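Take a look at the structure set out below.
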Amino acid sequence: MAPRRRGTLRGPWVGIVPFAVYVLLFLGLPLYEVLYGAITTSGGSLTWYNFSQTFSQPEYRADFISSLKISLETALIGGFFGFWLACAVVTASPRSPLRRIVGSGSAVLAYFAGVPLAFAWIATLGRFGELTKLLQHIGINLNNTSFTISSLSGVELAYISFQVPLMVLLVTPALEGLRPEWREAATGLGASSFGYIRHVAAPVLAPAVIGAVLLLFGNAFAAYATAYALVGDTVQLVPGTIQQLLSGNVLVDENGIGLALGVEMIVVIALVMIGYAILQRRAGRWLQ
Amino acid sequence: MWRVTILVLAAIYFLGPIASSIRFSLVQSNGKDGFGNYTQVLHDATLAHALATSLELAGLTTAILLVLMLPTVVWVRLRLPRVALLVETVSVLPIVIPPIVMGAGLASLQLHAGSQIDSLLFSSPLTALTPFYVILALPFAYRSLDVGVRAIDLRTLVDAARSLGAGWVTMITRVILPNVRTAVLTAASLAIALVLAEVVISELLLYDTFPVELANQGQENAGVAVALSVLSLVITWLLLFAITFVGNRGSRGRVGRLL
C-alpha cells in the first residue's frame, strides 16, 4: 500500500509544487504583511483603528476622492479616444507597419512608460518645456496660469497618455471579432450604416468596451510611477500617502494606516477586476 | 476621413511630447546644443551603477521567471488540465495588487523580519527585489507562454521525446523550448521591460535602481533625465517592436495580440 500512495503523491501534482510554493512565499508573504499590519497594532493585538482612521481623517478621505476622481476621468477620456484610435487602426492588416508601430508603441506606453513618460511631459509642458516656450511666443504664458504639469490636472494629462494606449490594446481584439458577414447580413436586410452600428455593432461591443473602461479605471487607480516622477510623494493620491506613511520618517503607528490604505486599494481593484471578468464573459458570447 | 483625423490627433498627442523631449534633451547644461545629456550616463558613476543593477535585476528576474513558468505551463497543459484555470487565475492575481501595496508589504516585512531574513533578503537589491519582480511579471509570462504552448502539438512532441528516451529536463530544454521560442521571447521581453521600468517598490525600499536614479536626476538635472527617458522609451519600444517580427509559426497573430 505504502509504495502506491507514494506513487500518487509523485503523480501529476508534483509538477506544480514549485509554482505553488513560489507564489505562496513571494506573493503570500507581502500580502500577509499588508493584511496583518492593517488589522493589528504595533504590539500585535487586533484593532480597527487603522481602517477607522482612513475613513474619518479628512486628509485620507481627500486622497481617496482625488484618486477615484482622476481614475474615473482618465478612464472615460482615455477610453473614448482609445476606442476611436483602435477603430482607426484596426482596419489595417495585422502585419502592416501601422499596426506593428501602434501595437508595440501602445504596449510601451501602457505598461512600461512610468517615469520616462513623466519627463516627456515635463519637457513639453514644464516650466521650461518646449510647448510652454512655443506658447509664450504667441503670447500665452502658462507659467502665469494655475496650470502646471505637477498639479493634479497635469498628472491627469500625463495619465491619459498611458490610458489611451491601454484602451487600444484592450479593445482591438473585440473590434477584430466583429465579422464582416454581420454587416453584410444587416445591409442585406435593409439596415443603414447607422442601423448596423445601432442594432448590431454597438450591442456586441458594449460589454467589451465597458469592461475595458473599467480596467482603465483600475489601472489609473493603481498607477503611481508617473505621478511620483511628476510631483513626488506629496501628490494628493492614495499611493503617495502610502509611501509617506511607510517610508520610515513617521511614527511606527502610522505604518498600520498606510497598510490599511493598501488593503482598501486592493479591494477597489479587486471589485474592478470582478466586474471586468463578468463583462468579459458576456463579451465572449459573440466575439472570438 | 475621420480615420485620418484620429491618426493625426494621436500622432500630435503622442509624438509631440517625444519630439519636445528630444529637443529639450539636446540642450546641454552649459546652454549649448549637443549630445552631452546622452553621454552623461557614461561619466556619471552613480547612474552607471544604477543601470548595471537594473540590468542584473532584469536578467535574473527573466531567468527565474522562465525556469519557473515554462515547466509549470507545460505540466499543467499535459498532466493537470483541470487546474489550468486555477493556475491562470493565480498568475493573473498580481494585477490586483498595486506596486505601491506590494512595496508596502515588503517594507513592513523588512521592519518585522529578524536580522537573519533581513540580511538574507534585504541586504542587496538583487535578493530583495528579484523574487517579487518575478511575481509582478507572472501575468505577462503566463499568458504569453500559455498561448505558445497551446499552439504546438504538445502531446505528440512529448511522446516522441519520451520514446526516444529523453528525460523531463532534456524534453523541456531541447524539444519544447525551441518550439515555443516566440512565446519565450515575448515573455522575456515583457519581463525585461517591466523590471527596467519598475520604480515604485525600489524607491520605497530605498534601492538605487535605474528608474529611481532617473527620477532623482529630474530634480537636479532635467536635461539628463529627459535624455535618459527618451533612450529608455525608444529602447523599450524597439524591444517590443522587434518581437512583433519574431517567429511566424501560426501562433504569431495570437502572441502579437498580447501587445
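Okay, here's what the table says:
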quantity: For chain A: accessible area per residue (Å², 1.4 Å); calculated: 49
quantity: Cβ-based net charge around residue A:76, under 15 Å, with every Lys or Arg adding one and every Asp or Glu removing one; calculated: -1
quantity: Largest-first ordering by accessible area, 1.4 Å probe, given options B:174, B:155; calculated: B:174, B:155
quantity: Label-point gap, in nm, between residue B:127 and residue A:13 - each point 7 angstrom along Cα→Cβ; calculated: 3.2
quantity: Sequence of B:204, A:25 when ordered by accessible area, the most exposed leading, probe 1.4 angstrom; calculated: A:25, B:204
quantity: Solvent accessible area, Å² - residue A:198, 1.4 Å probe, full protein context; calculated: 130
quantity: Where labels lie 7 Å past Cα in the beta-carbon direction, separation of residue A:61 and residue A:133 in nm; calculated: 4.6
quantity: Inter-part distance where the stretch A:96-135 and the stretch A:164-187 are each reduced to a Cα centre, Å; calculated: 27
quantity: Nearest-ten-degree value, helix B:222-243 long axis tilted from longest Cα axis of chain B; calculated: 30
quantity: Relative contact order (%) - criterion: Cα under 8 Å, at least six apart; region: the stretch A:134-288; calculated: 28
quantity: The protein assembly as shown - convex hull of alpha carbons, volume per residue in Å³; calculated: 195
quantity: Length released on extending from residue A:187 to residue A:69, taking residue separation times 0.36 nm less the Cα-Cα span; calculated: 38.3 nm
quantity: Among A:88, A:277, A:206, residue whose mean-square fluctuation peaks in a GNM of chain A (springs only between Cα atoms under 10 Å); calculated: A:88
quantity: Estimated inter-spin distance, residue A:40 and residue B:9, nm [label 7 Å along Cα→Cβ]; calculated: 5.3
quantity: Calculated [θ] (222 nm, deg cm²/dmol) that DSSP helices of n ≥ 4 give over chain A, each run adding -39,500 (n - 2.57); calculated: -23500 deg cm²/dmol
quantity: Whole-number percent relative contact order across chain B, with pairs defined as alpha carbons under 8 Å at least 6 apart; calculated: 30
quantity: Test item: A:93-104 mean partner chain Cβ contacts at 10 Å; calculated: 4
quantity: Listed residues A:131, A:216, A:205, most fluctuating in chain A (Gaussian network, C-alpha, under 10 Å); calculated: A:131
quantity: Heavy-atom accessible area order for A:133, A:69, largest first, 1.4 Å probe; calculated: A:69, A:133
quantity: Size-normalised alpha-carbon gyration radius of chain A, reference 2.2 N^0.38 Å; calculated: 1.27
quantity: Rh by Kirkwood over Cα pairs, then Stokes-Einstein D for the stretch B:124-166 at 1.306 mPa s and 10 °C, µm²/s; calculated: 123
quantity: Residue A:85 accessible area, 1.4 Å probe, all protein chains in place, Å² to nearest 10; calculated: 20
quantity: Mean separation of Cα contacts under 8 Å, 6 or more apart, over the residue count of chain A: relative contact order %; calculated: 29
quantity: Selected from B:65, B:196, B:157 as most flexible by GNM, with chain B as the system and alpha-carbon contacts under 10 Å; calculated: B:157
quantity: Inter-chain Cβ neighbour average for residues B:80-90, partner chain, 10 Å; calculated: 2
quantity: Positive-end residue of A:272, A:204, A:245, charge dipole of chain A with Cβ unit charges; calculated: A:204
quantity: Rounded to the nearest 10 Å², the accessible area of residue A:95 at probe 1.4 Å; calculated: 130
quantity: Euclidean distance of C-alpha centroids, the stretch B:33-103 and the stretch A:18-63, integer Å; calculated: 25
quantity: C-alpha long axis of helix B:210-220 to longest principal axis of chain B, angle in °; calculated: 10
quantity: The stretch B:36-258 - Rg over Rh from alpha carbon coordinates, Kirkwood radius; calculated: 1.02
quantity: Peptide B:190-199, shielding by other chains (average Cβ, 10 Å cutoff); calculated: 4
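The values are calculated or read from the model by the stated rules, or taken from the named source; none is laboratory data. This one's a predicted model, so the numbers in the text were calculated from it and none came from an experiment. With ideal geometry, Cβ positions are generated from the backbone for all residues, glycine too; neighbour counts draw on all protein chains shown. Keep in mind that these areas ignore ligands, DNA and RNA; they rest on the heavy atoms of the full protein, side chains included. Shrake-Rupley method; radii C 1.70, N 1.55, O 1.52, S 1.80 Å.
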